[in-house]
Each structure stands twice: as structure tokens, then as C-alpha cells.
Amino acid sequence: MPGSLYAQAAPGAFDMLNSLIVPTMLIIGIMYFLMIRPQQKRLKDHRDMVAGIRRGDTIVTSGGIIGKVTKVEEQELQVEIADGVKVKLLRSTISEVRGKGEVAPAAKAKDAS
């Protein structure tokens, strides 16, 4: 018949749910690999670095204080920040370990030729 209309089945709730699951899982996977996984790796590296601190290491605190470790305890470090000035720091406040042999770069002197 020329003016006949045919009814189409409406999409079911299951079809709508299926169409949302795939993009949601894709977004979660992308977030894991771009944000969560690198953060966990940085945290593990920092934990290993702080656990490996030994006497004589030069460290930088999260507040920017640079000092040399003179005594290592389980959760605390004794750090010499100036001649004869020693402070106790928690291991968790250490942001960088520069190592024993590493020295801060000096300013280059100009040649007087």
C-alpha cells in the first residue's frame, strides 16, 4: 500500500547499555595508561630512592634545603646543612638524592685573555 507506515522496534535497554560500556571502558583504559600508571611508577621510584639513602649522600628536601646526611635512622635522617649545623628530617620530606660524588655546577669563570 502506498501510504503505509511500518513500525520499527525501539532499541532495548540492553542495546543502550552495550553502547555505553565500550566507550566507558576505553576512557578508563586511556586514563590508566596516561595518568595512573606513570604516577604509580614515580611513587615507586621515589620510595626506592628514599629507602636507599645512606650516610654521606647529598639530599634536597621538599622545602629546598640542601644538606649532607650524617646519620641514618629508620624514619629520620640527621642532615648537616651548614658547618656545625645539623637538623633531623623525616625521610618523607626528601625530594631528591644527589649522591656522594655529585657536585653543584659552578659558574664558569671568564678567560682574562
Quiz item: Distance in nm between label sites at D45 and V60, each 7 Å beyond Cα in the beta-carbon direction?
Solution: 1.4
Practice problem: Could you give the spread of the C-alpha atoms of region 12-51 along their three principal axes, from largest to smallest, in whole angstroms? | Solution: 56, 13, 6
Quiz item: If the cut-off is 17 Å between C-alpha atoms, which aspartates and glutamates fall inside it for K88, apart from same-chain ones fewer than 8 positions away?
Solution: D57, E73, E74, E76, E80, E96
Self-check item: Length added when fully stretched, S19-Y32, from 0.36 nm per residue minus Cα-Cα
Solution: 2.6 nm
Practice problem: Could you go through region 56-69 in sequence order and give the Karplus-derived ³J(HN,Hα) for each residue, using 6.51 cos²θ - 1.76 cosθ + 1.60 with θ = phi - 60°, rounded to whole Hz, and x for Gly and Pro? | Solution: x, 6, 9, 10, 10, 7, 5, x, x, 7, 9, x, 10, 6
Exercise. Considering the options S19, A51, S62, tell which one lies farthest towards the positive end of the dipole of region 17-97, charges being +1 on Lys and Arg and -1 on Asp and Glu at the Cβ, about the Cα centre.
Key: S19
Quiz item: By count of other Cβ within 10 Å, fewest leading, how are R55, R91 ordered?
Solution: R55, R91
Quiz item: To the nearest 20 debye, what charge dipole does region 54-100 have about its Cα centre, counting +1 at the Cβ of each Lys and Arg and -1 at the Cβ of each Asp and Glu?
Solution: 140
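Taken together, the values in this text are just the output of simple stated rules run on the coordinates, not laboratory data. Since the structure is predicted, the reported quantities are computational estimates derived from the model, not experimental observations. Counting neighbours? That spans all protein chains shown, and the Cβs are built from the backbone with ideal geometry, glycine included.
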